[in-house]
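This report concerns only the one structure given below.
The values are calculated or read from the model by the stated rules, or taken from the named source; none is laboratory data. Keep in mind that what you see is a predicted model, and the values were worked out from it rather than measured. Please note: Cβ atoms are built from the backbone with ideal geometry, for glycine as well, and neighbour counts cover all protein chains shown. These accessible areas exclude ligands, DNA and RNA; they are computed on the full protein's heavy atoms, side chains included. Shrake-Rupley method; radii C 1.70, N 1.55, O 1.52, S 1.80 Å.
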Amino acid sequence: PAQVLVYDPDLNLIASADVSPSGSTQEAPWLAIDPNSGLLYTSNFQITPENPIRVFRPRFGFGVGRVLFFLDYVGTYTLRDEAGTPIVLDDVQGGAFSPNGHLYLVSDVAGAIVSFDASGRRRSTTKVDYTGWHSRQELEGLTFWDLDSGRAPNIRGQLHLTMAKRDTLAAHFNSVYFKHYQLADPAEKPKL
């Protein structure tokens, strides 16, 4: 089964836990923790109304000489359009939460980053400069980190996306690109 691995500051593995509830899929191509609730979110590659995002509460315990880690299944989170109708999002391989609890998901098929509010309603779609899997590009991980302050030289924005590319004759991905997206003007940033 898919697992979450927990490491200490020296990158020593200290604990792990399965991600799937009983009877569920074994996929977990992304995960993100809501900073407001502390809940962990993950899904299949394809998110549907019948197979929505799964939500877990991380919990630590202590055994004899070791740390224990658990993911308690607490329910699901359904993606909806602006009118509240459940939607499908294909090939999701990256997800991140903003400080306000908005979920951002990257879809390889849509070639976009799609944002959702705390209730699961779509807020916006940001197209990615991307030619698609048929050209051997694949959208991967996503993080939310406000870098407009200049603390990272020559990088601005709040969403940072990883894209992998395989050259024509390569069997594996051999190029990695980082793409940076500024989501709002400074006055609007508190709403992210």
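Protein heavy-atom accessible surface, 1.4 Å probe, per residue over the chain: 55 Å². The modelled label-to-label distance between Gln46 and Gln182, using points 7 Å beyond Cα along the C-beta direction, is 3.9 nm.
In sequence order, segment 6-16 has phi-based couplings of 10, 10, 7, x, 8, 6, 8, 5, 10, 6, 7 Hz under the Karplus curve 6.51 cos²θ - 1.76 cosθ + 1.60, θ = phi - 60°, and Gly or Pro positions carry x. For every other residue with a beta carbon closer than 14 angstrom to the beta carbon of Asn44, add +1 if it is Lys or Arg and -1 if Asp or Glu, then tell me the sum. Once positives and negatives cancel, what remains is -4.
For segment 54-70, the residues whose backbone nitrogen is under 14 Å from a point 7 Å from the Cα of Ile14, taken along Cα to Cβ, are 59-63, 65-70. Per-atom-type breakdown for the chain gives carbon and sulfur 53% of the accessible area (1.4 Å probe, protein chains only). Normalised by 2.2 N^0.38 Å, where N counts its residues, the alpha-carbon radius of gyration of the chain equals 1.08.
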